[in-house]
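Reviewing the structure listed below.
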Amino acid sequence: MSTLRLFYALWPSPELAASLAGWAEQARLVSGGRPMRTETLHLTLAFLGPVDSALADELAAATPARRLTPGDVTLDRYGVFSRQRILWAGPAETPPCLQHAHDDLWQWLSGYGLAPPTQPFRPHVTLLRNITQSHPPDDPPAALAWRYDRMVLVASESLTGGSRYRIVAQSRPLGG
């Protein structure tokens with residue numbers, strides 16, 4: 001049986017993605033590493049990993065009926081996952097509405113037999129991979145406000161030199 005590597009995410013507008021790419025370039029001067037492609041920048045709500053194709057089809061069909069309560073997250077700091085050599089942008093504190101969106105999504109996914117991660121939710125946007133410094137730059141650029149009202153289901157396809165992301169489905173905004 002074939003599988004797809006899936007995750008749910010918030011997907012930024014092109015303008016926000018361009019601003020995040022600017023954050024990545026500024027950080028790269030200090031941290032080294034390889035910037036993520038602008039069109040792949042996102043904030044993961046739920047990483048599902050490999051999912052069999054039948055379940056992937058079910059999730060894709062059900063996702064448009066899901067509603068994500070609109071909210072805001074302010075990206076105002078850099079962070080580092082040292083072991084993975086990743087530099088990220090994220091909020092100093094997780095907004096309650098974003099935590100609720102994460103928890104609600106996993107509660108729904110549990111109905112499909114998927115188990116939530118054991119580690120706490122740490123919202124972030126991966127900006128650089130293979131960084132050479134184990135600490136983030138001291139001063140991030142001006143904070144970025146991200147207003148969200150929907151989420152996307154994304155398939156990650158491994159390619160030589162990286163991954164390609166394909167949006168499989170998206171939720172509709174409330175009232176939409």
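The values are calculated or read from the model by the stated rules, or taken from the named source; none is laboratory data. What you are looking at is a predicted structure, and each value in this text was computed from that prediction instead of being measured. Backbone-built Cβ (ideal geometry, glycine too); neighbour counts: all protein chains shown. What goes into the accessible areas is simple: the full protein's heavy atoms, side chains included, and nothing from ligands, DNA or RNA. Shrake-Rupley method; radii C 1.70, N 1.55, O 1.52, S 1.80 Å.
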> How many residues, within the range 43-55, are surrounded by 13 or more Cβ atoms within 10 Å (Cβ to Cβ) and over 12 Å from LEU114 (Cα atoms)?
Replying inline: 3
> Can you name the number of the only condition in (1) in contact with a Gly (Cβ under 9 Å, 6 or more places away or on another chain); (2) in contact (Cβ under 8 Å) with a residue 40 or more places away in the chain that PRO137 fails?
Replying inline: (1)
> Counting only residues that are surrounded by fewer than 17 Cβ atoms within 10 Å (Cβ to Cβ) and over 18 Å from LEU109 (Cβ atoms), which one in the range 1-20 is modelled with the lowest pLDDT?
Replying inline: MET1
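Here is a check on your reading of the model: is ALA54 over 16 Å from GLN170 (Cβ atoms), assigned to a helix (DSSP H, G or I) and within 17 Å of the chain's Cα centre (by Cα)?
On the way: over 16 Å from GLN170 (Cβ atoms): yes; assigned to a helix (DSSP H, G or I): yes; within 17 Å of the chain's Cα centre (by Cα): no.
Here the answer is no, as ALA54 does not meet what is asked.
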> What number of residues in the range 80-109 are open to solvent by 30 Å² or more (accessible area, probe 1.4 Å) and of a type in the set (Phe, Trp, Tyr)?
Replying inline: 2
> Applying the selection to the range 1-20, what residues are touching a residue at least 40 places away in the same chain (Cβ under 8 Å) and assigned to a helix (DSSP H, G or I)?
Replying inline: LEU16, SER19, LEU20
>> Taking the condition of being farther than 11 Å from ALA92 by Cβ, open to solvent by 60 Å² or more (accessible area, probe 1.4 Å) and part of a strand (DSSP E or B), how many residues in the range 63-79 meet it?
In response: 2
